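Peer 1: I have a structure I would like to understand better, so I am pasting it below and will then ask my questions one at a time.
The values are calculated or read from the model by the stated rules, or taken from the named source; none is laboratory data. On a predicted model such as this, the values are computed, not experimentally measured, just so you know. Glycine also receives a Cβ, built like all others from the backbone with ideal geometry; neighbour counts cover every protein chain displayed. All accessible areas refer to the heavy atoms of the entire protein, side chains included, with ligands and DNA or RNA removed. Shrake-Rupley method; radii C 1.70, N 1.55, O 1.52, S 1.80 Å.
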Amino acid sequence: YTSYCLEDKCVAAGEVGSHYDDYHRLPLIIFSIDKGKTWDKSTIKDINSDDRGVVNAVNCLTVDKCMAAGSVILADKKKKQLIMLTSRDGGRYWQPNYNITNLPSSMIASTVNAIICHNKSCLASGNYETSDNSRLPMILKSNNGGDNWQFISSIKNFPDDYHNTSLNRLSCNNNDCVISGINNASLLTIVSHDKGTSWSYLQENIFPQFM
């Protein structure tokens, strides 16, 4: 699913099991200290053999500090929820990070699909679900290298009737950031010009017509 290398150290992540069945897959992270020549399985704290999930994204600030994210279904909760993980030893050992504020009270399930960091500024994107079966966009921002995260509650001009949305890819260049995703079968893009503090839906049709 995803990988990241910095100097000699590499981290790769994904899942073990069936890609099409949330209840039969385990989150997986592996790491390398020799530029990918050999790999070892990482340890993820608080994830047990009865839990299910996937790691969709990984990014490293330094050779020691890395972050990963995805979703997990804990055996005692039976609900898919986002998971943010932090490693401080180059990907060998991972600890869940529960320091996420401003999450919507209507959120009943969630997942993170992408994560990116530059210096101490980090962003993550994905989607969350509500009890009326809506799937809505989710953006998280950290100003301290992923130690604390905050849900970005507003996307300017985002259509009110978009109820099946997922934000899947994330990229930044200096102050400018772009997130791409889908609503139903339609592509969508949202942009930020202040390092992810505020976001706007790009209303213009920037995509070529394939059909």
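Peer 1: Which percent, to the nearest 5, of DSSP beta bridges fully inside the range 124-174 are antiparallel? Don't skip to the end; give the middle numbers.
Peer 2: Working: 8 of 9 bridges.
Approximately 90 percent, going by the DSSP bridge assignments.
Peer 1: Rounded to the nearest 20 debye, what is the charge dipole size of the range 115-160 about its Cα centre when +1 sits on each Lys and Arg Cβ and -1 on each Asp and Glu Cβ?
Peer 2: Magnitude of the dipole: close to 220 debye.
Peer 1: Rank Leu82, Leu140, Leu187 by accessible area, highest first, at a 1.4 Å probe radius?
Peer 2: Reading off the accessible areas and sorting them downward yields Leu187, Leu82, Leu140.
Peer 1: Same structure again: Ignoring ligands, DNA and RNA, what accessible area per residue does the chain give at 1.4 Å, in Å²?
Peer 2: Values: 11360 Å² over 211 residues.
Per-residue accessible area for the chain comes out at 54 Å².
Peer 1: Can you classify the range 68-211 as rounded, prolate or oblate using the Cα gyration tensor, where a ≥ b ≥ c are the square roots of its eigenvalues, rounded means a/c under 1.5, and otherwise it's prolate if a/b beats b/c and oblate if not? Working shown, then result.
Peer 2: Numbers: a/c = 1.85, a/b = 1.24, b/c = 1.49.
Oblate, because a/c is 1.5 or more while a/b does not exceed b/c.
Peer 1: Ignoring ligands, DNA and RNA, what percent of the 1.4 Å accessible area of the range 66-118 is carbon and sulfur?
Peer 2: 51
Peer 1: Provide the FRET efficiency to the nearest 0.05 for the Tyr93-Arg169 pair, computing r from the beta carbons and using R0 = 30 Å.
Peer 2: 0.60
Peer 1: Of the beta bridges DSSP finds with both residues in the chain, what % are antiparallel, to the nearest 5?
Peer 2: Expressed as a percentage, antiparallel bridges in the chain total about 90.
Peer 1: Between Ala57 and residues 5 or more places away or on another chain, which pairs have amide H atoms under 5 Å apart, with H built 1.01 Å from N, and which residues are they?
Peer 2: Hits under the 5 Å cutoff: Ala69.
Peer 1: Next question. Which of rounded, prolate or oblate describes the range 1-127 when judged by the alpha-carbon gyration tensor and an a/c cut-off of 1.5?
Peer 2: The shape class here is oblate.
Peer 1: Can you compute the charge dipole magnitude of the chain about its Cα centre, using +1 on each Lys and Arg Cβ and -1 on each Asp and Glu Cβ, nothing else charged? Give it in debye, rounded to the nearest 20.
Peer 2: Computed about the Cα centre, the dipole is about 280 debye.
Peer 1: Indicate the gyration tensor shape class of the range 83-163 (rounded, prolate or oblate), computed on the Cα atoms with a ≥ b ≥ c the square roots of the eigenvalues: a/c under 1.5 is rounded; otherwise a/b larger than b/c is prolate and the rest oblate.
Peer 2: prolate
Peer 1: Using a 1.4 angstrom probe with every protein chain in place, what is the largest-first accessible-area order of Tyr1, Tyr201? Can you show the working numbers first?
Peer 2: Values: Tyr1 145, Tyr201 35 Å².
Highest to lowest solvent-accessible surface, that is Tyr1, Tyr201.
Peer 1: With point charges of +1 on the Cβ of Lys and Arg and -1 on the Cβ of Asp and Glu, referenced to the Cα centre of the chain, which listed residue (Ser71, Asn183, Ser166) lies farthest in the positive direction of the dipole?
Peer 2: Of the listed residues, the answer is Ser71.
Peer 1: Determine ³J(HN,Hα), in whole Hz, for all residues of the range 122-134 in sequence, where each value follows from phi through the Karplus function 6.51 cos²θ - 1.76 cosθ + 1.60 and θ = phi - 60°; x replaces Gly and Pro.
Peer 2: 3J(HN,Hα) across the range 122-134, in whole Hz: 10, 9, 9, 9, x, 7, 9, 10, 10, 5, 8, 6, 7.
Peer 1: So for the range 1-124: antiparallel DSSP bridges make up what percent, rounded to the nearest 5?
Peer 2: Restricted to the range 1-124, the bridges split so that about 95 percent are antiparallel.
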